[in-house]
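*Asks:* Here it is: the structure, laid out below.
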Amino acid sequence: MPRISHYERARANLLAGWRNRAFGLKAIVFALIGLVNSVVDYGVFLLARAALDRSPAALSGFHSLADVCHCGTVASIALVAANTLSWIVAVSGSYIMNSSITFAHESGRKLRWRAYAAFVVSGIAGWLANTATLLVAAELFLLPVWLAKLAAVLASFVVNFSLSHFVVFRVRGGTSSG
């Protein structure tokens with residue numbers, strides 16, 4: 001019987017896991033999609049912030065909103081607006097990719113409004129953590145916005161992973177892991 005190398009064994013296990021849609025492989029794919037969407041979120045945020053900062057109409061609207069609600073400065077409202085736009089783009093991309101790749105078997109590779117809405121609702125906690133971290137880092141700690149946004153992305157990763165682990169993908173049926 002010929003001896004199989006570690007490489008060949010690992011390759012065979014990886015392929016079998018992919019075919020069986022093993023949990024561990026799904027977790028890796030989920031993380032990679034999350035990384036892609038973090039890059040998208042960051043890029044769209046920077047573009048949206050630059051566009052909003054150069055838009056007299058947007059700045060006028062933010063100034064009016066700040067006067068009416070007394071909920072922050074024009075700069076902080078612009079940060080929230082850019083962050084919200086980038087989050088909407090990223091969460092939409094995440095839903096499409098996770099439905100088509102990570103959970104293709106479960107979704108049948110079909111996009112559904114109801115599933116999208118549930119996915120968005122579950123991501124709102126991550127968005128809240130992201131936005132709060134962005135504002136605290138940029139306005140309280142006076143970090144440059146690019147660095148504050150990186151900290152915000154990290155905070156939302158922690159929240160989204162925790163919710164996925166303890167709520168969305170928790171062990172059901174009375175078994176406990178600790």
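Taken together, the values in this text are just the output of simple stated rules run on the coordinates, not laboratory data. The structure displayed is predicted, hence computed values, not measured ones. As a convention, Cβ positions derive from the backbone with ideal geometry for all residues, glycine included, and neighbour counts pool all protein chains shown.
*Asks:* If you plug each phi of the range 110-119 into the Karplus form 6.51 cos²θ - 1.76 cosθ + 1.60 with θ = phi - 60°, what whole-Hz ³J(HN,Hα) values come out, in order, with x for Gly and Pro?
*Replies:* 10, 8, 10, 4, 5, 5, 4, 4, 5, 5
*Asks:* Working out 0.36 nm times the residue gap between Ala125 and Leu140, then minus their Cα-Cα distance, what length gain in nm do you get to one decimal?
*Replies:* Gain on extension, Ala125 to Leu140, equals 3.3 nm.
*Asks:* Based on the mean of other beta carbon atoms within 10 Å per residue, what is the order of 104-116, 50-62, 147-159, most packed first?
*Replies:* For the peptides 104-116, 50-62, 147-159, the packing ranking is 147-159, 50-62, 104-116.
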